[in-house]
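Beneath this line is the structure, given in structure tokens, with notes to follow.
The values are calculated or read from the model by the stated rules, or taken from the named source; none is laboratory data. Not measured: the values here are computed from a predicted model. Here Cβ is always computed from backbone atoms with ideal geometry, including for glycine, and neighbour counts include all displayed protein chains.
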Amino acid sequence: MGDLNIQVNTAPLVNVRVTSNLNNFTAEKRFDRSLTIYDLKCRLELVTGASVGSMTLEVLDTEDRPVCNLTNDEALLGSYIIEENYRIHVTDSTKRIGEFEDTSNVEKFELAEEEYDTRNDTARAFLKRNKLGKFNEEEQEKKRKEKEEQEREENEKAATITIGSRCEVKLQGEPTRRGEVLFVGKVHFKPGIWVGVRYDEPLGKNDGSIGDKRYFEAPMKYGGFTRPAFCEVGDFPPIDYDEEDEI
């Protein structure tokens, strides 16, 4: 038999994860194995903000176990053991963590409202020219009428709900709840009219208060607020959940 020629083929590109001591994110990158370590550092400078001259590179496997350090700037990336989804951790001790994420000291450009309104190269000018968004009078009028109709229907429904009435609350994706109406009116935490209910079972979210404002009295988890559209008043006796579970 003749001699066997054995060749080992390695993919020219490798996908790695890049992390750094300067920030908290992980970047997914693909590098050519023919890159020198110096060229790799130049690219990692753009990704992490670390300086080429002061960064060190450590390779870790998919289980975050140390594999090697990339110390020779003239060596090729492919000369090191780096497999798919390995992690390259960049360390630059000359900079502090979050230095490139902190924008509190960055001077912000602000344009006066009057000056912004006179420019022709802004998003607002585009919307005006094409009568889009809030500059579409017909669409805005339609939305205004729809809102007025919704408020009218809500007020009419709320007028049929009286304090002290038994009620049933039905919301999509939630179990039917029964209880007693203890509040009908406007609240401080949401616009519109709301109905406060003391439920028969601990299926609520509060005790009749939101923050420092109390609207009615109820044990914790027995109180809740709902829109009038989801509340029906009537002769609704308490639900016997034990009976419902019987076959």
(request) Given the conditions (1) surrounded by fewer than 15 Cβ atoms within 10 Å (Cβ to Cβ); (2) over 27 Å from the mean Cα position of the chain (by Cα); (3) of a type in the set (D, E, K, R), report the number of the one that Glu45 does not fulfil. (result) (1)
(request) Look at the range 143-169 and say how many of its residues are modelled with pLDDT of 95 or more and within 32 Å of the chain's Cα centre (by Cα). (result) 1
(message) Return the residues of the range 86-115 that are surrounded by 13 or more Cβ atoms within 10 Å (Cβ to Cβ) and at pLDDT 70 or above; say none if nothing qualifies.
(response) Tyr86, Arg87, Ile88, His89, Val90, Thr91, Asp92, Lys95
(message) Can you say whether Ile81 is over 36 Å from the mean Cα position of the chain (by Cα) and surrounded by 12 or more Cβ atoms within 10 Å (Cβ to Cβ), as far as the supplied structure shows?
(response) no
(request) Would you list the strands (runs of 3 or more DSSP E) that sit entirely within the range 135-247 and hold 1 or more residues that are aromatic (Phe, Trp, Tyr) and surrounded by 14 or more Cβ atoms within 10 Å (Cβ to Cβ)? (result) 177-186, 193-199, 223-226
(request) Test each condition in (1) more than 30 Å from Tyr199 (Cβ to Cβ); (2) at pLDDT 80 or above; (3) not basic (Lys, Arg) for Pro175 and report the one that comes out false. (result) (1)
